[in-house]
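What follows is a single structure, written as structure tokens, with notes after it.
The values are calculated or read from the model by the stated rules, or taken from the named source; none is laboratory data. Predicted, not measured: the structure shown is a model, and the values here were computed from it. Here the Cβ positions follow ideal geometry from the backbone for every residue, glycine too, while neighbour counts run over all protein chains shown. Side chains included, ligands, DNA and RNA excluded: accessible areas come from the protein's heavy atoms. Shrake-Rupley method; radii C 1.70, N 1.55, O 1.52, S 1.80 Å.
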Amino acid sequence: MLQPISTLALPNSAISGLLKDRYIFMEDIITTPEKLTKYVTSLVSREALEIPQTHSALDVWQKEMEVGSISTCCKILDDTFDGGLQRGSITELFGAPGSGKTQICFQISIMEQLNICLNNFDGQVFYFDTRHQTSLLRLKDLILGCQSVQKDQRLNIDDMMKGITVVSPFTPNELLSAITNLKRDLVGGSKVSVIILDSLSYPIQCCLEDSWQRTQVYFRILDELHAIVSKFNVAVIIVNELVTQIDDEGKVCFGSAGGQLLAHLVHRRLTLVRLTDTKFAAHILKHSTLPQVSVVFEIISTGVRDVSKVTTS
């Protein structure tokens, strides 16, 4: 079955030009893509003509086994992530202010740099700080905390900090543009291996009052992130605020600001709660292989850790 030109993800001007030149179906130009670059860039041309590949279930399973993961330096939290934060997937963290969301993002940023240092490969963390709360002092504390765990390694704080790129967009459009630029850089050979959005919901909730506009922006951003994840095996963490909602029975409840749309589009969802000054809990809401369970962990000066076992005589 032939695919009409009008169904391709191209600007209207490009479609009109192709139809005027008597190119009616995608098959008319797939062997001569240079015809398309008359109207759009070569990158847009490649993406528009890209035909999804088919794979067997065995191929998909083997790929999942090979993607690898990133440790949080906390065994019980790693187990909650099914061995650590999975590459090639999107994980959502949400909770009330002070529930440990940003601390986990900082920890993963540092652990990825540690992984890069120990294994001698290129990589970079791209951190979208939409709330403008990145703390360099806290990042240095976490690096020193990793040093206490990897006592046989001499970690260079400056080198590890250089591996974390921070961008601070103010509006949803700025965030979407930054993600689009990052996608273009990845196509060009950028070595970004982890993308963190802390937070996704903050600029959307603050700048957009219309719920339909919010939904459109969420969908556009998640669409871009899915394309990045599938093509470049990047680990993505999305942080969202906790908001009040009305359930089907008309009762007030709490949930992610991203709502059900985001719940369907991410691969894993965890909600975080602060129990005491240093103790926190994570509850799995969505996971492909694990049940909905809760675990308790600590966040101390040196980072995210398993709960200390205090013994008495």
- request: Towards the positive end of the charge dipole of segment 105-216, with charges on Cβ (+1 Lys, Arg; -1 Asp, Glu), say which of Thr180, Leu139, Pro169 has the farthest Cα.
  value: Leu139
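Just by accessible area at a 1.4 angstrom probe, what is the order of Lys20, Lys231 from largest to smallest?
Sorted descending by solvent-accessible area, the residues read Lys20, Lys231.
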Contact order normalised by residue count of segment 214-300, Cα under 8 Å, 6+ apart, percent: 18
- prompt: Short version: ³J(HN,Hα) in whole Hz for each residue of segment 201-216, in order, from phi by Karplus 6.51 cos²θ - 1.76 cosθ + 1.60 (θ = phi - 60°), x for Gly and Pro, what are they?
  reply: 6, 4, x, 5, 5, 7, 9, 10, 8, 6, 5, 5, 4, 4, 4, 4
task: Please calculate the 1.4 Å probe accessible area of Tyr218, with all protein chains present, and give it to the nearest 10 Å².
output: 10
query: How many percent of the accessible area of segment 224-313 is carbon or sulfur, using a 1.4 Å probe?
result: 55
message: List the pairs from Lys251/Lys279; Lys75/Lys279; Lys162/Lys286; Lys75/Lys231; Lys101/Lys286; Lys251/Lys286 whose alpha-carbon separation is above 26 Å, in the order I gave them.
response: Lys251/Lys279; Lys162/Lys286; Lys75/Lys231
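Assign unit charges at the C-beta atoms only (+1 for Lys and Arg, -1 for Asp and Glu), then state the dipole size of segment 224-303 relative to its Cα centre in Debye, rounded to the nearest 20.
240
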- prompt: For labels at Gln292 and Ser13 in the simple 7 Å Cα→Cβ model, what's the distance in nm?
  reply: 5.0
- request: Find how much the distance from His264 to Cys206 grows on full extension, using 0.36 nm per residue of separation minus their present alpha carbon separation; answer in nm with one decimal.
  value: 18.6 nm
task: For segment 212-228 and segment 258-302, write down the distance between their C-alpha centroids in whole Å.
output: 22
statement: Taking 0.36 nm per residue of separation between Asp28 and Leu285 and subtracting their Cα-Cα distance, the length gained on full extension comes to 87.9 nm
- line: In debye to the nearest 20, the charge dipole size for segment 140-248, taken about the Cα centre with +1 at each Lys and Arg Cβ and -1 at each Asp and Glu Cβ, equals 620
- line: For segment 148-233, dividing by residue count, accessible area per residue (probe 1.4 Å) in Å² works out to 54
- request: Please give the solvent-accessible surface of Lys286 in Å², to the nearest 10, using a probe radius of 1.4 Å with every protein chain present.
  value: 60
statement: Computed over segment 263-313, the Cα gyration tensor eigenvalues, each multiplied by 5 and square-rooted, give semi-axes in Å (largest first) of 27, 12, 9
message: With every protein chain left in place and a probe of 1.4 Å, what is the accessible surface of Arg305, to the nearest 10 Å²?
response: 30
